[in-house]
Amino acid sequence: MWFSTENGGLNKLIIKKNDSSKDFKFEKFNKPVDDGTNVKTLAIHSIFSEGKNRLWIGYYGSGLGLVEWNTPESKPYFSFINPADQKAQFTGKIIRDIFRDTKWSTLDNYK
């Protein structure tokens, strides 16, 4: 389970299987960088899970991001969808909601 925060980045809840529900921890992604290992900024207003290994991030002030991973144990890779040199940019940098319409089935439509 993933949690977005106003000023604390992105948090992933990890519960150990076959243990009590009190045995959990949070993996925190709250050190903004541009190298794919962490979030772009700390203010995240929306997240949207797409399947088992993709998470879209709506940043406050920094546009749209995508997190991908191969297995639940692997480290996620963070990419920024709206770089400054891209021609087709959002008109704003605040993403409040992410919603999939009925015609969008997979990320393959994005490529």
- line: Applied in sequence order to the range 53-65, the curve 6.51 cos²θ - 1.76 cosθ + 1.60 (Karplus, θ = phi - 60°) yields integer Hz couplings, x standing for Gly and Pro, of 9, 9, 9, 8, 10, x, 7, 8, x, 10, x, 10, x
- prompt: Under a plain spin-label model, where a point goes 7 Å from the Cα along Cα-to-Cβ, how far apart in nm are N30 and K17?
  reply: 2.9
message: If I stretch the segment between R54 and T41 completely, what's the gain in nm (0.36 nm per residue apart, minus their alpha carbon distance), one decimal?
response: 2.8 nm
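Cβ under 10 Å from E50's Cβ, E50 left aside: what net charge do those residues give with Lys, Arg +1 and Asp, Glu -1? Intermediate results must be reported in sequence, preceding the final value.
Working: positive: K52, R54, R100; negative: E68.
Residues near E50 contribute +2 overall.
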Over 29 Å (Cα to Cα) - which of K16/K52; K17/K103; K17/K52; K52/K93 fall in this group: K17/K103
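Coordinate-derived values only; no laboratory data. Because the structure is predicted, anything quoted here is derived from the model rather than measured. Backbone-built Cβ (ideal geometry, glycine too); neighbour counts: all protein chains shown.
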